[in-house]
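Here is the structure we will look at.
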Amino acid sequence: MQVDDQASALAQRSSSVSSVGVSRPRPFPIIGEAAPGPRCGHTLTTITGPDGDVNKAKLVLFGGATALEGSTAKNPDGTPSSGSPGPAASGIRLAGATNDVHIFDIRTGTWVKITPMGEPPSPRAAHAAAAVGNMVVVQGGIGPAGLASEDLHVLDFTDMERPRWHRVLVQGAGPSARYAHTLSLVANRFLVAMGGNDGKSTLGDAWALDTSEKPYQWRKITDAGEMPCPRMYATAAARSDGLLLLCGGRDVHGTPLADAFGFARHRDGRWEWHAAPGSMPAGRYQHGAVFVGTRLHISGGAVGGGRMVSCAAMRRWARRGVRLVPCDKS
C-alpha cells in the first residue's frame with residue numbers, strides 16, 4: 001500500500017488502531033530490584049489468570065543472553081563472566097546466556113525473579129516458547145555448550161505459588177536441535193515448530209504435536225501446499241480461529257524476507273500452507289508480531305548490515321486477502 005507522506009501514514013495508523021480499540025503503548029516504571037536487566041534472545045510468554053482472567057495475567061520471561069559479541073559477557077548476577085564465548089547466534093555472546101525466570105505482574109508493573117521447583121532447562125538464548133493453558137513450553141535454543149537438546153521443557157503454573165519445571169516425554173523423531181525457530185500453539189491444541197538453524201544450515205521444515213493425545217508425538221508436515229522457503233528468526237503468530245501466520249525472517253543467503261504465509265489444519269487432518277498476497281513495507285528478521293483480532297501487528301526487526309527497522313505495520317488477514325497499513329517511520 002503506497003502512502004504519500006508520513007502524515008498520511010500516521011492518520012491511517014490512528015484510524016486503524018482506534019477501530020480495534022488498542023491503546024497506545026505506555027512505559028511501566030520498574031518496581032523492585034528483580035528486573036531482568038538488559039538481554040536479548042529471550043522469550044516472553046503470557047499466562048492468564050484463573051479461568052482465563054486476563055486481568056490477572058502474568059508475563060513469563062525465560063532465558064536469553066546478557067551480552068553481545070564485542071562486549072563483556074556477564075553472569076546472571078551482573079558480574080563479568082570469564083567463560084568462553086562459545087558458539088554465537090546472530091551476535092549473541094553465549095557465555096552470558098541464562099536460564100533464569102522472571103515474572104511481570106501487568107497490574108502493578110512489578111518484576112519478580114523466581115526459582116521454580118524441578119530441574120530447569122540449560123542456559124540458552126534464541127530458543128522458542130509457547131503458552132499451553134497455564135504452562136510455558138520451551139524448546140531448543142543455543143547456549144554456552146552449544147545447541148540445546150530437542151527436548152520439550154514445561155514450566156507449570158497450575159499452582160501459581162509453586163511453579164515447577166517438567167521435561168516432557170515425546171515418542172519418536174521430532175524437530176532436531178535448533179535455534180532461531182518458531183513455536184506456536186495453533187487452534188488451542190497443536191504445538192507447531194518451524195524453521196530455524198541447526199548449526200549447519202537454515203531449516204524450512206515444520207512439525208506439529210497434538211497436545212490432546214498421549215503419548216505425545218511430533219509429526220513432520222509434508223506436501224502441504226505452498227511451503228515457505230527455509231528461514232530463521234521469523235515470527236509465527238496464531239489467530240484465535242486457528243490460522244497461523246509465518247512472517248518474515250532471514251533466508252539461507254542472509255537476506256531479510258518480506259513475505260508471509262498462512263498455515264491451517266483442515267478438518268480431515270491435513271495441514272496446508274498458503275502464500276499471503278502483498279508484503280511487509282520492509283523485509284526483516286528478529287522482529288515481533290502478534291494478532292489483535294484479525295490484524296497482525298508487526299514491529300521492529302533487523303535488515304542486515306547492522307541496521308534495524310524503525311517502523312511498524314499492521315497486516316489484516318481477511319477472506320478477500322491482506323491489506324497492509326504502514327505506520328510512522330523514523
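So here's what we get for this one:
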item	result
Backbone HN-Hα couplings from phi across segment 274-285 [Karplus 6.51/-1.76/1.60, Hz, Gly and Pro as x]	9, 5, 7, x, x, 8, 5, x, 8, x, 7, 9
For segment 139-248, the fraction of alpha-carbon pairs in successive 10 Å shells from zero, as %	13, 43, 35, 8, 1
Value of Rg/Rh across segment 178-316 [Cα atoms, Kirkwood radius]	0.96
Amide hydrogen neighbours beyond the local backbone of ARG239, cut-off 5 Å, H modeled	LEU244, LEU245
Nearest-0.05 FRET efficiency for SER279 and ALA173, computed from C-beta distance (R0 45 Å)	0.85
Amide H within-cut-off set for LEU296, under 5 Å, with H built and near neighbours excluded	ARG315, ARG316, TRP317
Listed residues THR66, THR182 arranged by accessible area, highest first, probe 1.4 Å	THR66, THR182
Scaled radius of gyration (Cα, divided by 2.2 N^0.38 Å) that segment 128-187 gives	1.18
Residue-by-residue Karplus 3J(HN,Hα) for segment 98-110, coefficients 6.51, -1.76, 1.60, Hz, glycine and proline x	10, 10, 7, 10, 10, 10, 10, 8, 6, 7, 9, x, 9
For ILE114, solvent-accessible area (1.4 Å; no DNA, RNA or ligand), Å²	40 Å²
Per-residue ³J(HN,Hα) for segment 185-202, Karplus 6.51 cos²θ - 1.76 cosθ + 1.60, θ = phi - 60°, Hz, x for Gly and Pro	9, 10, 6, 6, 8, 9, 7, 10, 10, 9, x, x, 9, 9, x, 10, 7, 7
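The values are calculated or read from the model by the stated rules, or taken from the named source; none is laboratory data. Values in this document were obtained by computation on a predicted structure and should not be read as measured data. Note that we place each Cβ from the backbone using ideal geometry, even for glycine, and neighbour counts take in every protein chain shown. Areas reflect the complete protein model, heavy atoms only, side chains present, ligands, DNA and RNA absent. Shrake-Rupley method; radii C 1.70, N 1.55, O 1.52, S 1.80 Å.
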